[in-house]
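What follows is calculated from the coordinates using simple rules that are stated; it is not laboratory data. It should be emphasised that the depicted structure is a prediction, and the values quoted were computed from it without experimental measurement. Positions of Cβ are backbone-derived with ideal geometry, glycine not excepted, and every protein chain shown enters the neighbour counts.
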Amino acid sequence: MTTSEKYVTAAYCVVFAVVLVYVLIMALKLQRLEREVDELAERVPEDDAEETPREPARVG
Amino acid sequence: MGRTARIPLPALAVASLVLVTTALAFVFFVVPNDANQGFSQRIFYFHVSIALTAYACFVGAAWKAFRHLTKQDPDADLESYVLVHQGLIFGTLVLLTGSIWAKISWGHWWLWSEDQLVLFLVLFLFYCAYFMLRYSVDPGPRRANLSAVYALFGVVLIPVSFAAIRLAKGLIHPVVFTRHGPNFGGWILVTYCIAQAAVLVLAYTLYRLELGGKRLDGRLRELREALA
């Protein structure tokens, strides 16, 4: 592998790594949100949960 | 809600994957080596695409900020914030890939004498300060208004950056887009266009993903307060 090939590989690896870290952070955040939704669902009395119509959350 | 906001996130993720893979295949297997720079010129396809995407994010953030200030659009502040964040992520990639390219081509990681590099760094640091401003003010209309005004000021730096590059003399950083169009054609242009489309779609996918997470976070906070 020549020097310029090494540098080009490094540049593309950097791009891939940054995007991967970003997606990882987002995945961890979504996990936390899921946990919080579960906690809130436990706090809502069962009768209320059955009667209240649920509006779908707007995501994305 | 815009027409593009109706595209499902999984479809966008698949489109990003297909486009990025196609772009990489073109960069490494289709496009020929550059006559002057050889193999190292292949950084250009993603470096320039990422730079233009970062600019697009900052322009988008300014547009959303303008909508927040003029139409009092309730979602615009959050959208503007997410776009600035995206712009900074892509800005970081521009600085990193640019430094690697500079090391191969010029033998230096960074040159303070190059206006294009320094002006991009100024733009990048300006938007870093956006977060310092935003988080120094309590959440509410005041924070949204201050952030919107700051994002609008930032967008002025983009044409200044472009103009200064073209007015400066003795540059070693190449100028690939002139008044007469791009300085390249054939497979290089085709590959660049695919790479640009790939990075733009990837940026939009990440924007939608982050925006979705932030909206969900906001709704959960409201629910928690209502239940308290």
Check: Quick one: in the range B:29-51, which of the residues that are free of Cβ contacts under 8 Å to residues at least 12 places away in the same chain and in a helix (DSSP H, G or I) is nearest to the other protein chains (Cβ to nearest Cβ)?
Finding: B:39
Item checked: Matching entry among B:96, B:117, B:111 (being out of contact with any strand residue (DSSP E or B) (no Cβ under 7 Å at 6 or more places or on another chain), within 14 Å of another protein chain (Cβ to nearest Cβ) and surrounded by 14 or more Cβ atoms within 10 Å (Cβ to Cβ)) -> B:96
Item checked: Matching entry among B:126, B:131, B:153 (being within 14 Å of residue B:58 (Cα to Cα) and in contact with a helix residue (DSSP H, G or I) (Cβ under 7 Å, 6 or more places away or on another chain)) -> B:126
Notebook entry, point to check: Within the range A:1-30, restricting attention to residues that are more than 8 Å from every other protein chain (Cβ to nearest Cβ) and closer than 21 Å to residue B:104 by Cα, which residue is surrounded by the fewest Cβ atoms within 10 Å (Cβ to Cβ)?
Noted result: A:1
Notebook entry, point to check: How many residues are out of contact with any Leu (no Cβ under 9 Å at 6 or more places or on another chain), part of a helix (DSSP H, G or I) and surrounded by fewer than 15 Cβ atoms within 10 Å (Cβ to Cβ) when one looks only at the range B:120-161?
Noted result: 8
Item checked: Residues that are small (Gly, Ala, Ser) and either at the interface with chain A (Cβ under 10 Å from one of its Cβ atoms) or part of a helix (DSSP H, G or I) (or both), drawn from the range B:185-228 -> B:186, B:195, B:197, B:198, B:203, B:212, B:213, B:218, B:226, B:228
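Looking at residue B:26, is it surrounded by fewer than 22 Cβ atoms within 10 Å (Cβ to Cβ), in a helix (DSSP H, G or I) and over 12 Å from the mean Cα position of the chain (by Cα)? Break it down into steps so the answer makes sense when it comes.
Numbers: surrounded by fewer than 22 Cβ atoms within 10 Å (Cβ to Cβ): yes; in a helix (DSSP H, G or I): yes; over 12 Å from the mean Cα position of the chain (by Cα): yes.
Yes; evaluated as a whole, the condition is true for this residue.
Can you confirm whether residue B:54 is in a helix (DSSP H, G or I), of a type outside the set (S, T, N, Q), under 30 Å from residue B:133 (Cβ atoms) and within 10 Å of the chain's Cα centre (by Cα)? Before you say what the answer is, go through the steps one by one.
Numbers: in a helix (DSSP H, G or I): yes; of a type outside the set (S, T, N, Q): yes; under 30 Å from residue B:133 (Cβ atoms): yes; within 10 Å of the chain's Cα centre (by Cα): yes.
When the stated conditions are applied, residue B:54 passes them.
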